[in-house]
Amino acid sequence: YRMGVNIRQEDYLLLSPALFSNIKSSGLNRKGVWPEKRPNWGIYSTLQNKNQAASWHPGIWAIFF
């Protein structure tokens, strides 16, 4: 965990071994998650307070071959 970059999340992308072997890239999209103290990551410009947050969890994405 680096300050301002990582948050302690327990979000997983569960895949079969066959799908896992075909992942090209993966990550988290935190732009819809409201930072509690100060903006530690980029957020959507229209997000003005925690009531507008999409979730407490970031979106998980993956690109497959």
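The values are calculated or read from the model by the stated rules, or taken from the named source; none is laboratory data. All figures in this text were calculated on a predicted structure; none of them were measured in a lab. With ideal geometry, Cβ positions are generated from the backbone for all residues, glycine too; neighbour counts draw on all protein chains shown.
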For the stretch 48-64, name all the residues that are surrounded by 11 or more Cβ atoms within 10 Å (Cβ to Cβ), part of a strand (DSSP E or B) and in contact (Cβ under 8 Å) with a residue 40 or more places away in the chain. Ile60, Ala62, Phe64
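Among the residues of the stretch 37-47, is any assigned to a strand (DSSP E or B), at pLDDT 85 or above and of a type in the set (S, T, N, Q)?
If we filter the stretch 37-47 for residues that are assigned to a strand (DSSP E or B), which is where we start, we get none.
Checking the stretch 37-47: not a single residue is assigned to a strand (DSSP E or B), at pLDDT 85 or above and of a type in the set (S, T, N, Q).
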The stretch 6-36 - residue that is within 11 Å of the chain's Cα centre (by Cα) and outside any loop (DSSP other than H, G, I, E, B) and, of those, surrounded by the most Cβ atoms within 10 Å (Cβ to Cβ): Leu28
Total residues in the stretch 37-65, condition under 12 Å from the mean Cα position of the chain (by Cα) and not aromatic (Phe, Trp, Tyr): 9
